[in-house]
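**Student:** Right, I'll just put the structure down here and ask away after.
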Amino acid sequence: MAAPAGRRNTPAMDSETLREALRQVADPELGHSIVELGLVECIDVQDGSPLQVRVTLVPTSATCPMTDLLVEDARAALQAACPPGSEIEVALDWQTEWTPDRLSPALRTRFGW
Amino acid sequence: MVSAGRAPAPAVRAGQRPLARGLLVGVLVLAIATLLAALGGGLVRLGVLPPAQRGPTAGAAVAWHGALMCAGFFGALISLERVVALQRGLAVPAMAGLGGLLLGWAAAWPAVAAPAVAAAGLLWALSAAGLVGLYAWAGWRRAWSLPLAVQMMGALALLAGNLLWAAGRPEEARLGWAGFLLLTIAGERRELTRLVPLPRWGRQLFLLLAASPLMVLGLAVAGLAVAGPAWWLACAGLALWLARFDPGLRLLGAVGWAGHTAVCLVSALVWLAVAAMLGLAAALGQAQLGPVAWHVFWVGFVFSMVFGHAPLMLPVLAGLRPRPTRLGRVALALLGASVAVRIAGAIGAAPGLTALAGAGHVLALAGFAAVMAFAVRQGRAG
């Protein structure tokens, strides 16, 4: 079966591909990726035309002014990784508390856990 | 459908209409105008400029230098950062900035002083109360946390400082304003220390240190002389605590602005410790060191943090993305050198050195602004 128009030569988009894309987004103060810091809570991908992507981030602070900047950067990284015309949504989840358990194993070791 | 992680919680905020960038920049300009209005009085204090009958170097501007800097400039700047985070409450920093402009106007033209001073005092009190409200909203609608509570105590210290200034008690007001800045910074740094394991004694010591500024303010309002040394002990304790636990200090070699911020943090902690030593020496009988201790606190500690924070805030406040450069460290070094000269001037009772330090402060500020402008231009060039 032929690939849908506009999607030819586009690798299959899955959450791991998008997670890799989000590794390029760094917290500006710490210089570590939002994936390593455990800010990425959920990545939903719905195949179709257009492709629909919804990413949920867990903020570390209720009053950090850089949160919206991270949302903007995450959206840009996802747009760069997805086919043109994809619908990208990046949301913040204020109900889930960020804890150090969310850090990647490498960062946990680096920070002395 | 492909999914990873938990399903999104129902209370997810899927983006909300952001505050207009033009309004944010307008309030940022108000804050910077207040900073410029405050500079004249500060330079007269240090002997860089002669006092004048009217204008930004008039006697009232000299007396109100601290109020303009703390209640005006920092009140507007810090609350503007919270407004960006919460996407509400733009009137809070706007009132702080307008109060600063009114007081700067009153200082320059004494004929309008009385009503303008009263209006500035009212605006500053309302603004500080608004900042307390913004923190309460963040806790209520998002999440309460220790760092948030510490920053909220900082806003309460600002409110107390502004009310004490309006009541004609500038000495106690200064402690309120210093508590505002110290607690705001301490709260922000405490957020980052959640990245590292803290021993029980470290967590408990932080609680004691964070409670100190408001307790010290209470002692000062009660007229107890112990407030002065208690304040500087708290500063020394916080400097040591952050030097021991702040993960930002592990980023000295990091690329991007993270490395710059780490260098600024080191500078800030050194100056906070030095200010505390000078303040304690003043309390132990070297009274001539009292003013320079405060000067090192404001210029060395606070402005080092400002230099470290500014490149991170420009994108969110003004939509500008400065490209990382090590030139910012040159401005930081100039700031540090000028603070050292200020200390030498106080110890050696040399007014010439004090004036030289004041000129150095201005050069450092102007140099840092130039570095930021250069970095923004480089960022635009891609």
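**Student:** List the trypsin sites (Lys or Arg not before Pro) within segment B:307-382 that fall in a DSSP loop (any state other than H, G, I, E or B) and whose Cβ has at most 15 other Cβ atoms within 10 Å.
**Tutor:** When the trypsin sites (Lys or Arg not before Pro) of segment B:307-382 are filtered for loop state and at most 15 Cβ neighbours within 10 Å, B:Arg326 remain.
**Student:** As a check on your grasp of the helix formula, calculate [θ] at 222 nm for chain B: sum -39500 (n - 2.57) over DSSP H runs of n ≥ 4, divide by the residue count, round to the nearest 500.
**Tutor:** Calculated mean residue ellipticity at 222 nm is -24500 deg cm²/dmol.
**Student:** How large is ³J(HN,Hα) for each residue in segment A:22-33, as worked out from phi by the Karplus curve 6.51 cos²θ - 1.76 cosθ + 1.60 (θ = phi - 60°), to whole Hz, x for Gly and Pro?
**Tutor:** 6, 5, 6, 8, 10, 5, x, 7, 9, x, 9, 5
**Student:** Output the 0 to 90 degree angle, nearest 10, between the alpha-carbon long axis of helix A:67-81 and the longest principal axis computed from the alpha carbons of chain A.
**Tutor:** In chain A, helix A:67-81 runs at an angle near 30 degrees to the longest axis.
**Student:** Please express the shape of segment B:148-245 as an equivalent ellipsoid: the semi-axes are the square roots of 5 times the eigenvalues of the C-alpha gyration tensor, given largest first in whole angstrom.
**Tutor:** With the √(5λ) rule applied to segment B:148-245, the semi-axes are 25, 14, 9 Å.
**Student:** How far is helix B:146-166 tilted off the main Cα axis of chain B, in degrees rounded to 10, range 0 to 90?
**Tutor:** It is inclined by approximately 30 degrees.
**Student:** Once phi is turned into ³J(HN,Hα) by the Karplus curve 6.51 cos²θ - 1.76 cosθ + 1.60 with θ = phi - 60°, what whole-Hz value does each residue of segment B:276-293 show in order, with x for glycine and proline?
**Tutor:** So the Karplus estimates, Gly and Pro as x, are 5, 5, 5, x, 5, 4, 5, 5, 8, x, 8, 4, 5, 8, x, x, 6, 4 Hz.
**Student:** Let me know the mean shielding of B:141-153 by other chains, meaning the per-residue number of their Cβ atoms within 10 Å of its Cβ.
**Tutor:** 3
**Student:** Further question on the same structure: Give the residue from B:Leu233, B:Val196, B:Leu208 lying farthest towards the positive end of the charge dipole for segment B:148-245; charges sit on Cβ (+1 for Lys and Arg, -1 for Asp and Glu) and the dipole is referred to the Cα centre.
**Tutor:** Positive-end residue among those listed: B:Val196.
**Student:** For peptide A:42-50, what's the mean number of Cβ atoms from other chains within 10 Å of each residue's Cβ?
**Tutor:** Mean partner shielding for this stretch: 3.
**Student:** Name the residues whose placed amide hydrogens come within less than 5 Å of the amide hydrogen of A:Val90, ignoring near sequence neighbours (fewer than 5 apart) on the same chain.
**Tutor:** Those qualifying (amide H under 5 Å, at least 5 residues apart or on another chain) are A:Val55.
**Student:** Among the trypsin sites (Lys or Arg not before Pro) in segment A:41-107, which ones are in a DSSP loop with at most 12 other Cβ atoms within 10 Å of the Cβ? Mind listing them?
**Tutor:** Loop-located and lightly packed - none at all.
**Student:** How well do other chains shield peptide B:254-263, expressed as the mean number of their Cβ atoms within 10 Å of each residue Cβ?
**Tutor:** 3
**Student:** Given H placed 1.01 Å from N in the peptide plane, which residues other than close sequence neighbours of A:Glu41 have an amide H under 5 Å from its amide H?
**Tutor:** Under 5 Å from the amide H of A:Glu41: A:Thr56, A:Leu57, A:Val58.
**Student:** To continue, here is another question. Along the charge dipole of the protein assembly as shown, which of B:Leu272, B:Val376, B:Gly40 sits closest to the positive end, that is, farthest toward it, with unit charges on the beta carbon of Lys, Arg, Asp and Glu (+1, +1, -1, -1)?
**Tutor:** In the protein assembly as shown, that residue is B:Gly40.
**Student:** List every residue whose amide H lies under 5 Å from the amide H of B:Leu46, counting only residues 5 or more places away in sequence or on a different chain, with H placed 1.01 Å from N in the peptide plane.
**Tutor:** The answer is none.
**Student:** Ordered by residue, what ³J(HN,Hα) values in Hz, to whole numbers, does segment B:48-56 give under the Karplus form 6.51 cos²θ - 1.76 cosθ + 1.60, where θ = phi - 60° and Gly and Pro are x?
**Tutor:** 6, 10, x, x, 10, 6, 8, x, x
**Student:** Let me ask something else about it. Quickly rank A:85-91, B:330-336 as a protection proxy: mean count of other C-beta atoms within 10 Å, highest first.
**Tutor:** B:330-336, A:85-91
**Student:** Who wins for biggest fluctuation among B:Met69, B:Met305, B:Met215 in a Gaussian network model of chain B, springs between alpha carbons below 10 Å?
**Tutor:** B:Met215
**Student:** Measure off 7 Å from each Cα along the Cα-to-Cβ vector at B:Ala318 and A:Thr99, then give the distance between these two points in nanometres to one decimal.
**Tutor:** Simple spin-label model gives 4.1 nm for this pair.
**Student:** According to the Kirkwood expression over distinct Cα-Cα pairs, how big is the hydrodynamic radius of chain B, in Å?
**Tutor:** 21.4 Å
**Student:** Further question on the same structure: Would you work out which of B:Phe180, B:Val92, B:Pro50 lies farthest towards the positive end of the dipole of the protein assembly as shown, given +1 charges on the beta-carbon of Lys and Arg and -1 on that of Asp and Glu, about the Cα centre?
**Tutor:** Working it through, the farthest residue towards the positive pole turns out to be B:Pro50.
**Student:** Can you give me the angle between helix B:113-141 and the longest principal axis of chain B, using Cα atoms only, in degrees from 0 to 90, rounded to the nearest 10?
**Tutor:** Tilt of helix B:113-141: around 30 degrees.
**Student:** Would you kindly calculate the translational diffusion coefficient of the protein assembly as shown, applying Stokes-Einstein with the Kirkwood radius from alpha carbon pairs, for 37 °C and a viscosity of 0.692 mPa s, and quote it in µm² s⁻¹ without decimals?
**Tutor:** 138 µm²/s
**Student:** Same structure again: From the Cα gyration tensor of segment A:15-99, with a ≥ b ≥ c the square roots of its eigenvalues, which class applies: rounded if a/c is under 1.5, or else prolate if a/b is larger than b/c, or else oblate?
**Tutor:** Because a/c hits 1.5 or more and a/b exceeds b/c, segment A:15-99 counts as prolate.
Rule-based calculations on the coordinates, nothing more; no lab input. Computed from a prediction, not measured in an experiment: that's the story for all the values here. Positions of Cβ are generated from backbone atoms using ideal geometry, with glycine treated the same way; all protein chains shown enter the neighbour counts.
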